[in-house]
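In what follows, a single structure is set out as structure tokens and then discussed.
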Amino acid sequence: MTSSSEKGAIVIKEIVKDEQFLSQPAEPATEQDADVAQDLVDTLGSLDDCACLAANQIGSTKAVIAYEGEKGIQVMYNPKVIASMAPYRATEGCLSLDRATEVRRFQLISVKFDALVNGKFVSRTWKLRGWVAEAVQHACDHCAGKLV
């Protein structure tokens, strides 16, 4: 497989199913983890019926997620849900698990994260709702080492 460090190379990673690996909390991401983010974008873009991926699902230990939003695939480094409202029960599938799981999610969330802008992290806080909020919560759970 081609390295993502080669300019313009598309890298599709295998989805990790090792529950022991997936149960480890992620390490903080740094500005040098742009290749992990690009691998997430490439892999997510290659999958049908997938709304989000966390870096541990493609074999990285870094806290990076990618999700399909209204403006295409978005990346968040070191995401943390800092506020939530309107709880509900959801049944979610996961590419890393061979089973659906019932979970508590929130219709509205605020998520704080780092965005990579011109090679430097910029702290951002976004308010998300609906299925995008659910996808981001799922991916943040992965970063925390939670198997849905």
Check your understanding: Any residue in the stretch 40-52 that is acidic (Asp, Glu) and either touching a Gly at 6+ places or on another chain (Cβ under 6 Å) or in contact (Cβ under 8 Å) with a residue 12 or more places away in the chain (or both)?
Key -> yes
Practice item. Go through the residues of the stretch 128-140 one by one and say whether even a single one is part of a strand (DSSP E or B), in contact (Cβ under 8 Å) with a residue 12 or more places away in the chain and closer than 23 Å to residue 62 by Cα. Key: yes
Exercise for review: Would you mind telling me which numbered condition in (1) modelled with pLDDT under 95; (2) within 13 Å of the chain's Cα centre (by Cα); (3) among the acidic types (Asp, Glu) residue 39 fails?
Suggested key: (1)
Exercise for review: Consider residue 111 carefully, then state whether it is among the aliphatic types (A, V, I, L, M), over 21 Å from residue 26 (Cα atoms) and either at pLDDT 95 or above or in a strand (DSSP E or B) (or both).
Suggested key: no
Check your understanding: How many of the residues making up the stretch 26-64 are in a helix (DSSP H, G or I), over 21 Å from residue 147 (Cα atoms) and among the polar types (S, T, N, Q)?
Key -> 3
Revision key, fill the gap. Expected single match for under 21 Å from residue 25 (Cα atoms), free of Cβ contacts under 8 Å to residues at least 12 places away in the same chain and either touching a strand residue (DSSP E or B) at 6+ places or on another chain (Cβ under 9 Å) or not aliphatic (A, V, I, L, M) (or both) among 93, 72 is 93
Exercise for review: Of the numbered conditions (1) under 24 Å from residue 126 (Cβ atoms); (2) surrounded by fewer than 16 Cβ atoms within 10 Å (Cβ to Cβ); (3) touching a residue at least 40 places away in the same chain (Cβ under 8 Å), residue 56 fails exactly one; give the number of that condition.
Suggested key: (2)
Practice item. For the stretch 80-107, name all the residues that are of a type in the set (A, V, I, L, M, F, W, C) and exposed (fewer than 14 other Cβ atoms within 10 Å of the Cβ). Key: 82, 83, 85, 86, 100
Point to revise | Subset of the stretch 98-127 (residues that are of a type in the set (Gly, Ala, Ser) and touching a residue at least 12 places away in the same chain (Cβ under 8 Å)) | key: 110, 115, 119
Review point. How many residues are loosely packed, with under 13 Cβ neighbours inside 10 Å and touching a strand residue (DSSP E or B) at 6+ places or on another chain (Cβ under 9 Å) if we restrict to the stretch 14-27?
Key: 1
Check your understanding: Which of (1) over 27 Å from residue 124 (Cα atoms); (2) out of contact with any helix residue (DSSP H, G or I) (no Cβ under 9 Å at 6 or more places or on another chain); (3) open to solvent by less than 50 Å² (accessible area, probe 1.4 Å) is the odd one out, the single condition residue 9 does not satisfy?
Key -> (2)
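The values are calculated or read from the model by the stated rules, or taken from the named source; none is laboratory data. Since the structure is predicted, the reported quantities are computational estimates derived from the model, not experimental observations. FYI the Cβ positions are ideal-geometry reconstructions off the backbone, even for glycines, and counts take in every protein chain you see. Side chains included, ligands, DNA and RNA excluded: accessible areas come from the protein's heavy atoms. Shrake-Rupley method; radii C 1.70, N 1.55, O 1.52, S 1.80 Å.
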